[in-house]
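Worksheet: the structure to be examined is printed underneath.
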Amino acid sequence: FLFLSRNHEEALARLQYAVEEKDLILLTGEVGSGKTTLTRALMDSLGEKYRVIVIINPQLTPVQFLRTVAKRFDIDVPYNFKDNLLDAIYEKVYRDYETGITPVILIDEAQLIPNKNTFEEIRLLTNFQLDHTNLLSLILVGQTDLRKRLKHKTYLPLRQRIGLFFHLGPLAEDEIRGYVEHRLRISGLEGPLF
């Protein structure tokens, strides 16, 4: 059902670029603008050399967040202490790097992240790097409020790590007809309706 308007095509290209460069990207847009659909298209476009970890309900404390990431990595950490979780995640990320796999952590509905401390754990994941490269890619996807929230000075350390910002705007007026025709065609309509 994805209709690649000019804006959506640009957003998808930037997402792909950020993943290839192992960067942190912030994708924002209004409700219904196609953010989640775009991230699904991104996941479909990635090959076997990527391990995608999706978090769709990020209303998590810092330790819950790290536990969720570890679980998605199939890491069984007997102790839920933050240090143990971070060490185990780093080891897994580094093993992936050695085998040519890039982890991609995609956090959808990131505006629901409850507090600054969870955002700080996200920032700390960007420390997983070697001298010449980052070891993972991180994608924050959220509503427009997320961008406003991250402008606050308490989020400056995280904001400085974001390599790409992209806001998914509405369809242009000249794209609406193509969008409607595309959706009708995908739904099974074979002739023109209008």
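How many residues does segment 26-69 hold that are hydrophobic (A, V, I, L, M, F, W, C), surrounded by fewer than 20 Cβ atoms within 10 Å (Cβ to Cβ) and farther than 30 Å from Ser5 by Cβ?
Matching residues across segment 26-69 total 1.
Restricting the search to segment 145-194, which residues are of a type in the set (Phe, Trp, Tyr), under 17 Å from Gly34 (Cα atoms) and open to solvent by 70 Å² or more (accessible area, probe 1.4 Å)?
Selection gives Phe165, Tyr179.
Which condition number in (1) modelled with pLDDT under 90; (2) closer than 23 Å to Val31 by Cβ is the one that Pro114 fails?
(1)
Return a yes/no flag: does segment 60-75 have any residue that is without any contact (Cβ under 8 Å) to a residue 40 or more places away in the chain, closer than 18 Å to Thr144 by Cβ and not basic (Lys, Arg).
Among the residues of segment 60-75, not one is without any contact (Cβ under 8 Å) to a residue 40 or more places away in the chain, closer than 18 Å to Thr144 by Cβ and not basic (Lys, Arg), which makes the answer no.
Scan segment 94-120 for residues that are farther than 25 Å from Leu156 by Cβ and not basic (Lys, Arg) and jot them down.
Tyr94, Asp96, Tyr97, Glu98, Thr99, Gly100, Ile101, Thr102, Pro103
Exactly one of these conditions fails for Leu130: (1) surrounded by 13 or more Cβ atoms within 10 Å (Cβ to Cβ); (2) under 24 Å from Asp83 (Cβ atoms). Give me its number.
(1)
Of all the residues that make up segment 1-55, how many are of a type in the set (Gly, Ala, Ser), in contact (Cβ under 8 Å) with a residue 60 or more places away in the chain and over 20 Å from Asp96 (Cα atoms)?
Number satisfying all stated conditions: 5.
Tell me which residues, restricted to segment 91-108, are open to solvent by 60 Å² or more (accessible area, probe 1.4 Å) and more than 20 Å from Val63 (Cα to Cα).
Tyr94, Arg95, Tyr97, Glu98, Thr99
Just to confirm my filter: which helices (runs of 4 or more DSSP H) fall fully inside segment 118-194 and include at least 1 residues that are within 21 Å of Pro62 (Cβ to Cβ) and touching a helix residue (DSSP H, G or I) at 6+ places or on another chain (Cβ under 6 Å)?
So the answer is 144-150, 156-161.
Checking Leu27 against (1) touching a helix residue (DSSP H, G or I) at 6+ places or on another chain (Cβ under 7 Å); (2) over 19 Å from His167 (Cα atoms); (3) at pLDDT 90 or above, which test does it fail?
Failing condition for Leu27: (2).
Restricting the first residue to segment 109-122 and requiring it to be open to solvent by 10 Å² or more (accessible area, probe 1.4 Å), which pairs with a second residue that is assigned to a loop (DSSP other than H, G, I, E, B) meet a Cβ separation below 6 Å and a spacing of at least six or different chains?
Gln111/Gln143; Leu112/Pro58; Leu112/Gln59; Pro114/Gln59
Working carefully through the options Thr28, Thr61, Thr37, find the one that is among the hydroxyl-bearing types (Ser, Thr, Tyr) and within 18 Å of Glu120 (Cα to Cα).
Within the list Thr28, Thr61, Thr37, the selection yields Thr61.
The values are calculated or read from the model by the stated rules, or taken from the named source; none is laboratory data. Being a predicted model, the structure only gives us computed values, none of them experimental. When we count neighbours, we look across all protein chains shown, and the Cβ atoms used for this are built from the backbone with ideal geometry, even at glycine. What goes into the accessible areas is simple: the full protein's heavy atoms, side chains included, and nothing from ligands, DNA or RNA. Shrake-Rupley method; radii C 1.70, N 1.55, O 1.52, S 1.80 Å.
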